[in-house]
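Below: the structure, in C-alpha cells.
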Amino acid sequence: MNLRWLLVFIPVGIALAWLHANPLLVFAASALAIIPLAGLMGDATESLAHFLGPSLGGLLNATLGNAPEIIIGFFALRHGLVDMVKASITGSILGNLLFGLGVSILAGGLGAPKQKMLFDGESSRVHAGLLMMATFGLIIPAVFDFSTNTEREISLEIAVILFLVYLASIVFTLTMATPDAESNTGAVQAGHSGEEGEESGWSRNKALAVLAAVTVGLAVMSEIMTDALDPAAKSLGFTPLFAGVFLLALVGNTAELINSVRFARQNLLDLSLGITVGGSTQMALLVAPLLVFFGLAIGQPMNLLFSQFELIAIILTTYAVITVLQNNFVRWGAGIFLIALYLMLGVGFYYAPAAGT
C-alpha cells in the first residue's frame, strides 16, 4: 500500500499550525504527514543498504529504523511531555508485539487458513531472548523504586547498560551473518523494493538526499505534532498515559505495521518478526536509553520509572509473544489471541487514572 499521497498533509499541517487552528486538527494533519515520512526514511535506508553491502547496510537499517520514534520523542521531551514519552515507549512495544504481530499473523494465515505459517526457530529464539532481557531492563528501575526507601534513582545506569547491549547485539548480528544469509537478505530486499516500484532504482545520491529531506521533514512535523498533542489529548478526554500509549506510539509505527502485514501475506513471516519483535526490542534497547540521555541533556527528568499497570502490561505481552513463538510455526488463531490481549489492555489504559490522581 503506497501512502505517499499522505505527504499532502505536510503543507496542511504547517498551515494549520501557523493559523493556530484547533489543536485536534493540527495533531491529526501532522500525524498523517509523519506516516509517509517514516516510510520514506525506511525506503532511503534500504536503498543505501544496496550500496553499502549487507553488513554495513544492516547496521544502517538497525540504526535508523527507529529514527522516527527517536525524533518524535525528542520533541515531545522538549515540550515537557515526559509522561507521554514514557507511555509511548510502552505503547510502541505493545503495539508492535500484540497489534502489529497479531494483525500480520492473522492477515498471513487467512490466505491459507489450514496451513501453518513457518518461521526460523533459531532467529525467533534470538528475538525472544533479547526481548526478555530488554523487558528486565525496563522493569528493574521501577521495581527498585517501589521496593526501596532510598532517593537513589537508577534509570541512567540501566539505560547505559541497555544501550551497550544494543551495540553488542548489532556486533553479534553482523558477525554471525553468513554469506548465504546475506545474499538471501539482499534478494528479499530487492524483491521488496521492486514491488514498491521505484525504490530499487534510487541512486546513492538520491537516497542520501531523500534521507536528509525526510529527517528535516520529520523534525518539523514532530515539533508541530507534539506542540498540539497535549491540548488535543485533553480535548478528547485522554489521559497522558492513554495518549502516549495509543496516539503517540501509533504515529511512528504505522509504516512498520503496513510492511509487516505485507510480508506476512507473502509468507515471509521471518521479516514480519524482524519488524515487530525486533522493533520492540530496539525500542527498549535503543530508543528508551537515548531518550533518557536526551532528557538529561536538555534538563527534562526523563527516567525509566513506568507505572505498575505499564509494567504488568509489558510482562504479560512478553510472556504472550514468547509463548506464541515457542515453536517454529503459528496459525492464524494466534493473531486473534494477540489482538484480543491488545484490546483488553487498551480498555485498562483508557480507564487508568492520570498520574497523581
Practice item. Anything in the chain that counts as a DSSP H helix reaching 20 Å or more along its axis (C-alpha) with Kyte-Doolittle mean of at least 1.6? List them, would you? Key: 155-176, 308-324, 332-351
Revision key, fill the gap. Exposure proxy check on R152, R78, R204, R262: fewest-to-most Cβ neighbours within 10 Å is R152, R204, R78, R262
Check your understanding: Over region 4-351, what relative contact order in percent results from Cα pairs under 8 Å that are six or more residues apart?
Key -> 41 percent
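Fewest Cβ neighbours within 10 Å first, please rank S30, S147 accordingly. Don't jump to the answer; show the numbers that get you there.
Details: S30 28, S147 7.
Sorted ascending by nearby Cβ count, the order is S147, S30.
Could you give the length gained on full extension between L343 and M133, defined as 0.36 nm per residue of separation minus the Cα-Cα distance, in nm? Walk me through the numbers on the way to the answer.
Working: separation 210, 0.36 × 210 = 75.60 nm, distance 2.51 nm.
The L343-M133 span can extend by a further 73.1 nm.
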Study note, to complete from the structure: Per its Cα gyration tensor (rounded if a/c is under 1.5, else prolate when a/b beats b/c, else oblate), region 206-357 is best filed as oblate
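Tell me, in nm to one decimal, what length is gained between V160 and I312 on full extension, where the rule is 0.36 nm per residue of separation less the Cα-Cα distance?
On the way: separation 152, 0.36 × 152 = 54.72 nm, distance 2.34 nm.
Between V160 and I312, full extension yields 52.4 nm more.
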Review point. Counting other Cβ atoms within 10 Å, which chymotrypsin sites (Phe, Trp or Tyr not before Pro) in region 216-282 have at most 12 and lie in a DSSP loop?
Key: none
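Is the shape of region 309-357 best called rounded, prolate or oblate, per the rule: a/c under 1.5 gives rounded, else a/b larger than b/c gives prolate, else oblate, with a ≥ b ≥ c the square roots of the Cα gyration tensor eigenvalues? Present the calculation step by step, with values, prior to reporting the outcome.
Values: a/c = 6.99, a/b = 2.21, b/c = 3.16.
The shape class here is oblate.
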Revision key, fill the gap. Note on region 75-144: alpha-carbon gyration tensor, axes a ≥ b ≥ c; rule is a/c under 1.5 for rounded, else prolate if a/b larger than b/c, else oblate; result oblate
Review point. If we count GluC sites (Glu not before Pro) as exposed when they sit in a DSSP loop and have at most 13 other beta carbons within 10 Å, what is the longest stretch of the chain that avoids them all?
Key: 199-357
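If you rank Y166, Y319 by fewest surrounding Cβ atoms within 10 Å, what's the result? Write out the running numbers ahead of the final one.
Numbers: Y166 22, Y319 12.
Ordered from fewest to most neighbouring Cβ atoms within 10 Å, Y166, Y319 come out as Y319, Y166.
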Check your understanding: Which values of log₁₀ I(q)/I(0), to two decimal places, follow from the Debye formula for region 4-351 at q = 0.08, 0.11, 0.14, 0.16 Å⁻¹ with a uniform point scatterer at every Cα?
Key -> -0.37, -0.72, -1.21, -1.56
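Each reported figure results from applying straightforward, stated rules to the coordinates on display, with no laboratory input. A quick note: this is a predicted structure, and the numbers were derived from the prediction, not measured. When we count neighbours, we look across all protein chains shown, and the Cβ atoms used for this are built from the backbone with ideal geometry, even at glycine.
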